[in-house]
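The values are calculated or read from the model by the stated rules, or taken from the named source; none is laboratory data. Predicted, not measured: the structure shown is a model, and the values here were computed from it. We place every Cβ from the backbone using ideal geometry, glycine too, and count neighbours over all the protein chains shown.
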Amino acid sequence: MLSTKSEKIDTFVAPACHEEIEILFQDESVLLINKPSGLLSLSGKNPLNLDSVHHRLVKDFPTATMVHRLDFGTSGIMLLALNKSVNGDLTRQFQQRKVGKTYMSMLYGHLDNDQGFIDVPIAKDKPNFPLQKICAESGKPALTHYRVIERLLNPPRTRVLFTPETGRTHQLRVHSQQIGHPVLGCDLYGTKETHGMASRLLLHALTLEFEHPLAGKRISFECPSPF
């Protein structure tokens, strides 16, 4: 029987990423890497999107599994588990919001306040996959803290440090758009004014802090921003 329900087909094909993955830390249980911008975290359903962080790493680390992801355009620090029990432990830490994360970003325009927070719910924009949207009725809670690092001129830009308390899809990009200062280089939530102002998404996973599953103590790592 033919389905009468229309299905969204992902026609996105990722351009080739020639940058290498940098290993930041490795022991018997975890692997921390610097993901380049323009590389998928996991291989896509489209066979042309085979190249990804996972696809590359399992060649040298066959037991490596993903415990979180970064968007295609986002660069920076990622954590992988090297066995099943460690994966379960780290996954629980993410689910219980025990993992500390910060992101460096460059936004369009000048933010009025030096620090603050964005607390608006995010939902899937189903007719416009893969877009997300602000929605008070169906959205899930999403909270982002921000701190201005510097304000730049010609054109006006603001470098900010984001500390998300939740991990919704596209959260930092949607929240930035919501306050009228989209992330530069964002093809999904940018504006006519931001078009062409950056050759990549200016969003970078800067730090990650978690409890080491075997050592039993909190450890933190930093991956300097390339912009």
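For the reader, a short list of remarks on this structure follows.
- Matching residues, segment 166-196, being over 21 Å from residue 41 (Cβ atoms), assigned to a loop (DSSP other than H, G, I, E, B) and out of contact with any Phe, Trp or Tyr (no Cβ under 7 Å at 6 or more places or on another chain): 179, 180, 190, 191, 192, 195, 196
- Any chance residue 227 is surrounded by 14 or more Cβ atoms within 10 Å (Cβ to Cβ), modelled with pLDDT of 95 or more and part of a loop (DSSP other than H, G, I, E, B): yes
- Qualifying residue in segment 84-98 (condition: in a loop (DSSP other than H, G, I, E, B), surrounded by 14 or more Cβ atoms within 10 Å (Cβ to Cβ) and of a type outside the set (Asp, Glu)): no
- Residues located in segment 171-189, provided they are of a type in the set (A, V, I, L, M, F, W, C) and over 15 Å from the mean Cα position of the chain (by Cα): 179
- Meets criteria (touching a Leu at 6+ places or on another chain (Cβ under 9 Å), surrounded by fewer than 17 Cβ atoms within 10 Å (Cβ to Cβ) and more than 29 Å from residue 31 (Cβ to Cβ)) for residue 184: no
- Any hit, segment 70-91, residues being in contact with a helix residue (DSSP H, G or I) (Cβ under 8 Å, 6 or more places away or on another chain), under 19 Å from residue 181 (Cα atoms) and either without any contact (Cβ under 8 Å) to a residue 40 or more places away in the chain or of a type in the set (Gly, Ala, Ser) (or both): no
- Extreme residue, surrounded by the fewest Cβ atoms within 10 Å (Cβ to Cβ), among residues of segment 199-222 that are of a type in the set (Gly, Ala, Ser) and not in a strand (DSSP E or B): 216
- Test result for residue 143, buried (at least 20 other Cβ atoms within 10 Å of the Cβ) and within 16 Å of the chain's Cα centre (by Cα): no
- Listed conditions (1) in contact with a helix residue (DSSP H, G or I) (Cβ under 7 Å, 6 or more places away or on another chain); (2) more than 30 Å from residue 88 (Cα to Cα) are all met by residue 203, apart from (2).
- In segment 164-181, the residue that is farthest from residue 112 (Cα to Cα) out of those that are of a type in the set (S, T, N, Q) and surrounded by fewer than 17 Cβ atoms within 10 Å (Cβ to Cβ) is 169.
- Whichever residue in segment 146-158 is surrounded by 14 or more Cβ atoms within 10 Å (Cβ to Cβ) and of a type outside the set (Val, Ile, Thr) and, among such residues, is farthest from the chain's Cα centre (by Cα): 151
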